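The next block holds one structure in the form of structure tokens; read it before the comments.
The values are calculated or read from the model by the stated rules, or taken from the named source; none is laboratory data. Everything quoted here is computed from the prediction, not taken from an experiment. Cβ sites come from the backbone with ideal geometry, for glycine too, and all protein chains shown count toward neighbours. Keep in mind that these areas ignore ligands, DNA and RNA; they rest on the heavy atoms of the full protein, side chains included. Shrake-Rupley method; radii C 1.70, N 1.55, O 1.52, S 1.80 Å.
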Amino acid sequence: MELAQAQADVRRIYRGGFSGSLVSSVIWFAASAVFQWGSQPAAMAVLFFGGMLIFPLSTLVLKIMGGPAALPKGHPSIALAMQSAFTVPLGLLVAITLGTIEPSLFFAASLIIVGAHYLTFISLYGMRLFGVLAGALVAIGSLALFVLPGLRDFSGWVGATVLLASALPLYLSGREPTRIAN
């Protein structure tokens, strides 16, 4: 199978990755709410464990929509998708460590980790829009960590909003066969 065909399959089956972004935004909103109105360690747990549910919940959204919800067994893109997904919980361990030392660093560091993980989606989906999403999340996290410390306590909310705002453009871009990043 050629790369362009594998990317087209991923875009078609996962509808441009919109459901992952949509589900992620809900988890980020929930974690941000718990951080603001509950306990900071609980918020870290919500993002960490909720993040593990992103793929199954995204698949559920796709199943509700009808049509395929998973790549066929043996598809060459499955390994890259899994490798990319496993980078997030491993990276979040670093964010949790930072958050344990200084809670306001947790979301900013998490944004950088999650944003970096979206870089592989450029190749996986063949969509440059994932580069924009990755850049936005990394930029927000970096600004909060290094330039605007006042943004730290709100960076989870901002990240959740960016993820939510990306869902529709991802869905629409995933339908365009010309949106290939090769």
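Descriptive notes on the structure:
- Ranking by accessible area, most exposed first, for Ile13, Ile113 with a 1.4 Å probe: Ile113, Ile13
- Within the chain, the whole DSSP H helices whose Cα atoms reach 18 Å or more along their own axis and whose mean Kyte-Doolittle score is at least 1.0 are 18-37, 78-101, 129-142, 155-174.
- Surface accessible to a 1.4 Å probe, Leu172 within the full protein complex, Å²: 90
- By a 1.4 Å probe calculation restricted to protein chains, Asp153 has an accessible surface near 80 Å², given to the nearest 10.
- For the stretch 1-38, the set of chymotrypsin sites (Phe, Trp or Tyr not before Pro) satisfying both a DSSP loop assignment and a count of at most 14 other C-beta atoms within 10 Å is empty.
- Taking Ala160, Ala70, Ala116 as the candidate residues, the one with maximal mean-square fluctuation in a Gaussian network model of the chain, Cα springs under 10 Å, is Ala70.
- Helix-only mean residue ellipticity at 222 nm for the chain, each DSSP H run of n ≥ 4 adding -39500 (n - 2.57), per residue, nearest 500: -22500 deg cm²/dmol
- Inter-label distance, Ser39 to Val26: 2.5 nm, where each label sits 7 Å from its Cα along the C-beta direction.
- Additional length obtainable on full extension of the chain from Met82 to Val94, 0.36 nm per residue less Cα span: 2.3 nm
- Dividing the mean sequence gap of close Cα pairs (under 8 Å, 6+ apart) by how many residues the stretch 24-87 holds gives a relative contact order of 20 percent.
- Using a cutoff of 8 angstrom between alpha carbon atoms and counting only pairs six or more residues apart, the relative contact order for the chain works out to 33 percent.
- Stretchable slack from Met52 to Ile101, in nm (0.36 nm times residue separation minus alpha-carbon distance): 15.3 nm
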